[in-house]
Amino acid sequence: MKFVRKRKVDVVLVWRYDRFARSTQLCQAGHEMVFHIMASLAQFESALISERVKAGMARAKAQGKRISRPTLSASVQQQINDLHDQRVSINQISKQLNIGYGTAWNYVQQLNKC
């Protein structure tokens, strides 16, 4: 951006236009208008994608399909319980059982509520 402001480059290539800049302060009014239009289109596209994803998840749920991660088997839950009783850290539990840290954390929190 420093080189662009100093006009040291002729062309800027970006993967996604909406990620190019957070500020729309440009030197010329025409460029500013184009930037605002492109930013608005990117925001509109993002909203459409979000709506489609939410609609798809609602439809799948209405059809009785599971949209969340599957629960852990009873044996893995018991292993989490045993390791937690032995004061093994959640990090070590997740590594030993080859499950995500968040998954181990959630099951330990459920154990603590009981």
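Values quoted throughout were computed directly from the atomic coordinates according to the rules given, and no laboratory measurement underlies them. Every value quoted in this text rests on a predicted model; they were computed, and no experiment measured them. As a convention, Cβ positions derive from the backbone with ideal geometry for all residues, glycine included, and neighbour counts pool all protein chains shown.
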Taking a virtual spin label 7 Å from the Cα of Leu97 along the C-beta vector, which residues in the range 55-79 bring their backbone nitrogen under 16 Å of it? 69-79
If Ser68, Ser40 are placed from fewest to most neighbouring beta carbons inside 10 Å, the sequence is Ser68, Ser40
For Phe35, Phe3, order by how many other beta-carbon atoms lie within 10 Å, fewest first: Phe3, Phe35
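Return a whole-number percent for the relative contact order of the chain, with Cα pairs under 8 Å and 6 or more residues apart as the contact set.
Values: 42 pairs, mean separation 14.7, N = 114.
Worked out over the chain, it gives 13 percent.
Would you compute, from DSSP H runs of 4+ residues alone, the mean residue ellipticity of the chain at 222 nm, taking -39500 (n - 2.57) per run and dividing by the full residue count, rounded to the nearest 500?
-20000 deg cm²/dmol
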Round to the nearest 10 and give me the degree value, 0 to 90, for the angle of helix 101-113's Cα axis relative to the longest principal axis of the chain. 50 degrees
Give the relative contact order (percent, whole number) for the range 63-114; include only Cα pairs under 8 Å separated by 6+ residues. 31 percent
Order of Thr103, Thr71 under a 10 Å beta carbon neighbour criterion, fewest first: Thr71, Thr103
Which of the following values of Rg/Rh (Cα atoms, Kirkwood Rh) was calculated from the structure shown: [x] 0.91; [y] 1.28; [z] 1.32? [y]
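Using 0.36 nm per residue of separation minus the Cα-Cα distance, give me the extension gain between Val108 and Val34 in nm, one decimal. Before the final figure, lay out each step's value.
Details: separation 74, 0.36 × 74 = 26.64 nm, distance 5.22 nm.
Stretched out fully, the Val108 to Val34 stretch lengthens by 21.4 nm.
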